[in-house]
Amino acid sequence: MMSPEELASYKSRILALRSRLRGEVAQMADGALETPLTENNGDLSSAADFGTDNFQREFTLGLVEGKDATLEQIEEALERIATGTFGICDVCQTKIPRARLDAIPYAGHCVECAAKLEREFPTD
């Protein structure tokens, strides 16, 4: 069982990470959505610029989507702190090692269960 000081430390780290990611998401989304696509006037240069702009926009929006998923995991970790289940694997109910929580403070699964879930539901 974690001490109240340890929980407070993890909560502080998670809140700081959430704040940073929210700022990054907002900045990236604004940049991707505000950048005007190059108008294609029928020449190859304009078509290439349009393709590049479109690729960059899609790439940025993909990064935003990934950060949104991390933000969701962060919110779940904050809920686990509030309910007293932080540091316990959601799948097997064993303690998540401190080294894992130090590396990924919002982790909801032990290494074994996270690997199993990744094999069953690959993200690529």
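Residues in region 26-46: is at least one in contact with a Ser or Thr (Cβ under 8 Å, 6 or more places away or on another chain), surrounded by 12 or more Cβ atoms within 10 Å (Cβ to Cβ), modelled with pLDDT of 95 or more and among the hydrophobic types (A, V, I, L, M, F, W, C)?
No, that holds for no residue.
Determine which single condition residue 109 fails, assuming it passes every other condition in (1) surrounded by fewer than 17 Cβ atoms within 10 Å (Cβ to Cβ); (2) touching an Asp or Glu at 6+ places or on another chain (Cβ under 7 Å).
In the conditions (1) surrounded by fewer than 17 Cβ atoms within 10 Å (Cβ to Cβ); (2) touching an Asp or Glu at 6+ places or on another chain (Cβ under 7 Å), residue 109 misses (1) alone.
Look at region 1-19 and say how many of its residues are in a helix (DSSP H, G or I) and either within 15 Å of the chain's Cα centre (by Cα) or farther than 26 Å from residue 68 by Cβ (or both).
The number of residues fulfilling the criteria is 11.
Is it true that residue 65 is without any contact (Cβ under 8 Å) to a residue 24 or more places away in the chain and either exposed (fewer than 15 other Cβ atoms within 10 Å of the Cβ) or not in a helix (DSSP H, G or I) (or both)?
Spelling it out, residue 65 is indeed without any contact (Cβ under 8 Å) to a residue 24 or more places away in the chain and either exposed (fewer than 15 other Cβ atoms within 10 Å of the Cβ) or not in a helix (DSSP H, G or I) (or both).
Among 68, 90, 102, which is within 19 Å of residue 118 (Cα to Cα), of a type outside the set (S, T, N, Q) and at pLDDT 95 or above?
Going through 68, 90, 102 in turn, the sole match is 90.
Applying the selection to region 76-99, what residues are of a type in the set (D, E, K, R) and either touching a strand residue (DSSP E or B) at 6+ places or on another chain (Cβ under 9 Å) or farther than 17 Å from residue 8 by Cα (or both)?
Scanning region 76-99 gives 80, 90, 95.
The values are calculated or read from the model by the stated rules, or taken from the named source; none is laboratory data. What you see is a predicted model, and the numbers here were worked out from it, not measured in a lab. Methodologically, a virtual Cβ is constructed for each residue, glycine included, from the backbone with ideal geometry; neighbour enumeration extends over all protein chains shown.
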